[in-house]
Amino acid sequence: MKHAPLALLLILPALLLPQEPTAGQIIERVDQNTIADSKVVVSKLVIHGRRGERTVEAKSWQRNLGDSFTEYLAPPRDQGTKMLKLGDQLWTYSPATDRTILISGHMLRQSVMGSDLSYEDMMEDPYLQHQYNAQIVGSETVAGRPAWVLELKAKKEGVAYDKRTVWVDRERFFIVKEDLYAKSGKLLKQVLVQEMMKVEGRWLPRRATYKDVLKEGEGTEMILESIAFSEDIPASVFSKASLRK
Amino acid sequence: MIVFFLKGLLRDRSRSLFPLLTVFFGVFLAVFMYAFMNGVIGDMVGTTAHYQTGHVRVLTRAYAEEADQNPNDLALTGLAKTLQTLRAKFPAMVWTPRIRFGGLLDIPDEKGETKTQGPASGMAVDLFSTSSPEPRLLDIRKAIVRGAMPQRPGDVLIGDDFARKLNVAPGATATLISSTMYGSMTMANFKIAGTVRFGVAAMDRGAMIADVADIQSALDMEDAAGEIVGFFPDDVYHDEAAKLMAASFNREFNNPGDKFSPRMGTLPDESGLGDYLSLVDSMGIIIIAIFVLAMSIVLWNAGLMGSLRRYGEIGVRLAVGENNGHIYQTLILESLAIGIFGSVLGTLAGVGLAYLMQVHGLDFSSLFRNSAMMVPSVYHARVTPGCFIIGFAPGIISTVLGASIAGVGIYKRRTAQLFKELEA
């Protein structure tokens with residue numbers, strides 16, 4: 001009994017230190033940080049292809065996590081091209097042909113505007129916790145910021161990437177680096193966030209590089225020009241009729 | 001004397017008919033096989049040249065490394081200037097640009113929404129220039145099954161089987177969904193002018209033939225093309241000349257440090273048909289060697305049997321004072337006559353059948369239904385001057401050789417032995 005104060009003294013620091021979150025909790029916080037009911041995003045893709053560099057600009061309206069409407073603003077050749085995603089269906093409209101085409105099957109694996117992103121990437125369920133089981137496998141420093149290294153394994157078949165390794169900023173609960181793998185274990189894509197920004201209390205990537213490792217070139221830079229959350233977006237935006245407008 | 005031999009041959013069928021038939025069939029088979037192999041390889045080379053590689057092909061070094069994937073982002077730029085250079089440097093050749101592309105062909109319903117769609121494997125060629133060699137090289141007019149030749153920009157031809165699969169007829173609109181030279185998704189509307197069947201399984205499956213200017217516009221390939229193909233004016237591949245041309249062009253324009261610099265390759269290099277072409281060169285020798293060997297063995301055997309049967313006759317001839325050498329000589333003369341006659345008949349029959357096959361061809365399309373190779377489905381024999389001599393010399397040589405070996409047995413016999421056998 002006389003050693004009780006001593007024991008308390010030894011345990012106290014451990015009790016006072018913050019508890020290390022579990023992998024599931026980390027992923028949940030990551031989802032909370034990035035996902036919003038609705039948002040309007042203006043972004044720029046700088047594509048470093050084999051034949052040089054080109055920039056694509058787009059404005060996207062997103063709602064209910066599953067629906068989005070995107071209009072390409074530049075370059076002139078792509079201006080007016082629109083895309084509508086409703087749940088698991090994706091249509092594209094080209095003003096040159098005045099045709100609305102359903103993108104399905106293997107076309108979903110095609111590159112979006114020649115970038116390192118595929119339509120399949122756009123179709124993904126944004127909730128990581130819905131799709132993956134997570135496990136902490138280490139701790140590293142990325143771009144000067146301490147991060148957890150998590151291994152995510154798909155819960156079911158049919159997910160675009162069967163395995164992901166993600167580096168999550170310990171303080172901001174934000175993915176700063178990501179490696180995406182096929183079911184065979186082959187590395188398919190790498191994402192590296194180069195610049196972050198805080199918008200309405202959320203940490204978001206201001207500038208990130210996506211690299212399809214199966215493609216030559218130096219990857220695609222994604223630059224977030226502006227973002228507004230919980231905008232009151234009219235329902236008519238998310239209709240096939242709006243593609244032709 | 002010659003009349004005496006010929007009468008003997010004609011009257012004694014067992015002495016002439018079997019060797020004659022053997023020579024006839026041997027020569028017939030050799031001639032036909034030679035013409036057929038000539039035709040098959042010729043068809044393969046011709047098809048490969050016309051639809052795939054030309055007799056020579058100019059593309060960027062980077063494109064050449066991935067040519068099977070049609071990587072249009074690695075296409076030749078400055079097309080007009082390169083074409084001008086090629087035409088100035090090699091004026092005897094026929095030069096034409098081509099773009100190969102893949103994508104989806106989407107057929108709209110009355111509301112403009114997707115009715116059907118299927119993967120298209122397209123080739124853009126110069127359809128509208130008056131001097132364009134493409135309609136002739138691809139034999140487009142002959143390949144049209146329904147509809148007509150494209151008349152104006154935006155008109156395309158699609159494979160007849162592909163059209164039936166898509167349930168679309170000439171006159172309908174189709175939207176091509178593909179990738180631009182810079183990787184963006186692109187859509188372009190075309191009018192289906194007609195449907196075609198080339199008789200090349202890999203081409204017919206999802207074929208789409210469009211004008212090169214239309215595809216340049218659709219794929220954002222201004223003044224660019226995947227390749228420039230060159231053909232000799234007589235439409236026959238000349239290996240030495242092609243190699244010299246490629247070496248000369250590459251020396252001047254190909255820069256190993258620049259993966260987008262143009263490089264010229266020859267048909268065998270570009271298509272992987274090099275080994276086949278070497279085989280064609282040796283084909284005549286291989287056929288003759290096999291033929292002479294097999295025929296000699298058969299005719300040797302026939303000669304032996306014939307000589308055994310003719311022991312009595314030879315005995316009498318020896319008895320009346322004819323010497324061994326003269327008898328041996330007459331046996332060889334007989335075989336020479338049979339050889340000449342059999343070879344003439346065999347050559348005529350072989351050339352005749354080969355000519356029929358040259359005109360009508362043999363359809364192997366069921367064998368190539370799922371083939372991805374650029375090979376023709378219908379094969380023709382090809383009658384060349386070589387066909388008239390390929391069977392002739394071996395037909396005669398093998399007959400004479402067979403008779404010479406068989407005759408040695410007779411030559412060694414003594415008169416007394418032959419008389420003994422005659423008495424028996």
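Scan segment B:335-352 and give yes if some residue there is farther than 20 Å from residue B:21 by Cβ and open to solvent by less than 20 Å² (accessible area, probe 1.4 Å), otherwise no.
no
Quick check on segment B:144-178: of everything there that is crowded, with 23+ Cβ neighbours inside 10 Å and away from every other protein chain (no Cβ under 11 Å), which residue is farthest from residue B:51 (Cα to Cα)?
Going through the qualifying residues, I end up with B:163.
From the set of residues in segment B:212-229 that are farther than 22 Å from residue B:46 by Cα and charged (D, E, K, R), which is most open to solvent (accessible area, probe 1.4 Å)?
B:222
Scan segment A:109-143 residue by residue and report those that are within 14 Å of another protein chain (Cβ to nearest Cβ) and open to solvent by 50 Å² or more (accessible area, probe 1.4 Å).
Within segment A:109-143, A:109, A:110, A:120, A:122 meet the criteria.
Test of understanding: among B:316, B:298, which residue is within 32 Å of the chain's Cα centre (by Cα), β-branched (Val, Ile, Thr) and modelled with pLDDT under 95?
B:298
Need a quick list: strands (runs of 3 or more DSSP E) entirely within segment B:179-287 having at least 3 residues that are of a type outside the set (Asp, Glu), within 30 Å of residue A:50 (Cα to Cα) and away from every other protein chain (no Cβ under 14 Å).
B:207-211, B:227-231, B:262-266
Only residues that are within 14 Å of another protein chain (Cβ to nearest Cβ) and within 24 Å of residue B:187 (Cβ to Cβ): list them for segment B:78-106, please.
The answer is B:101, B:102, B:103, B:104, B:105, B:106.
Mind telling me which of the residues B:364, B:341 ends up being modelled with pLDDT of 75 or more and among the aromatic types (Phe, Trp, Tyr)?
Being modelled with pLDDT of 75 or more and among the aromatic types (Phe, Trp, Tyr) holds for just one of B:364, B:341, which is B:341.
Check residue A:185 against each of (1) on the phi > 0 side of the Ramachandran plot; (2) open to solvent by 40 Å² or more (accessible area, probe 1.4 Å); (3) at pLDDT below 90 and name the one condition it does not meet.
Of everything listed in (1) on the phi > 0 side of the Ramachandran plot; (2) open to solvent by 40 Å² or more (accessible area, probe 1.4 Å); (3) at pLDDT below 90, residue A:185 misses just condition (3).
Restricting attention to segment B:50-77, which residues are in contact with a Pro (Cβ under 9 Å, 6 or more places away or on another chain) and within 13 Å of another protein chain (Cβ to nearest Cβ)?
B:60, B:61, B:62, B:63, B:65, B:76
If I ask for residues that are under 30 Å from residue A:96 (Cβ atoms), among the aliphatic types (A, V, I, L, M) and open to solvent by 30 Å² or more (accessible area, probe 1.4 Å), which ones from segment A:196-226 would you list?
The answer is A:214, A:222.
Quick check: is even one residue across segment B:398-420 within 31 Å of the chain's Cα centre (by Cα), in a helix (DSSP H, G or I), at pLDDT 60 or above and buried (at least 16 other Cβ atoms within 10 Å of the Cβ)?
yes
Picking from A:30, A:46, which residue would you name as being within 14 Å of chain B (Cβ to nearest Cβ), open to solvent by less than 30 Å² (accessible area, probe 1.4 Å) and either assigned to a helix (DSSP H, G or I) or of a type in the set (Val, Ile, Thr) (or both)?
Result of the check over A:30, A:46: A:46.
The values are calculated or read from the model by the stated rules, or taken from the named source; none is laboratory data. Predicted model only: the values in this text are computed from it and were never measured. For neighbour counting, all protein chains shown are included, and Cβ atoms are generated from backbone atoms with ideal geometry for every residue, glycine included. We work out accessible area using only protein heavy atoms, side chains counted, and drop any ligands, DNA or RNA first. Shrake-Rupley method; radii C 1.70, N 1.55, O 1.52, S 1.80 Å.
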